[in-house]
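Inspection log for the structure reproduced underneath, given as structure tokens.
Nothing in this text is a laboratory measurement; each read-out follows from the coordinates by a stated rule. This one's a predicted model, so the numbers in the text were calculated from it and none came from an experiment. Virtual Cβ from ideal backbone geometry, glycine too; neighbours counted across all protein chains shown.
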Amino acid sequence: MSIAAPPSNVMVKPTLETRFHIDYVWWQREGRDLRAYLISHLRPEQRNRFTQAQPTDQPEVESDHIDPDTGEVTRVDSLRLALQEAARNSDYIADHVTLVDAVFRVFLANGNRPLTPIELSERINRPPLTILRTLSGQVVYRGLRPAVG
């Protein structure tokens, strides 16, 4: 006996096994400034480089990034590169940041690979049920949503 998946237009209540991620489309749809929020996740000594006005006639510098797990090579801009550098510091996901910021930083650090509240709990030292309740409420915080598919 097989159980059919619910139609795509049906909302399913997330559980502790539901995987979440940063939904970058949400940022565009809501008209939010993703770049400014990403800059806020840099280390203080890195921020000045990105908060200065950049000439609009110069293209963003990109570099190759090699995923250490898959070996996949992608092009990343200097802001993403700085975020990856910041994420390598042991205090990047610290106890002093809000739950939402800590979860966001986990996804920045892991290349936005979807994780369950249980897996997130192991990384940010917060109760999985608290993470689930925060991420599955009616308000979408910083584009943190269930990963579809």
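What the table below lists for this structure:
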read-out: Amide hydrogen neighbours beyond the local backbone of V140, cut-off 5 Å, H modeled; value: none
read-out: Per-residue ³J(HN,Hα) for segment 90-107, Karplus 6.51 cos²θ - 1.76 cosθ + 1.60, θ = phi - 60°, Hz, x for Gly and Pro; value: 5, 9, 4, 9, 9, 5, 7, 8, 5, 4, 4, 5, 4, 5, 4, 5, 4, 5
read-out: For F20, residues with placed amide H under 5 Å, excluding near neighbours; value: L115, T116, A147
read-out: Relative packing of peptides 87-98, 33-44 - highest average C-beta neighbours within 10 Å first; value: 33-44, 87-98
read-out: Listed peptides 112-120, 21-29, 99-107 by packing density, highest first (mean Cβ within 10 Å); value: 99-107, 112-120, 21-29
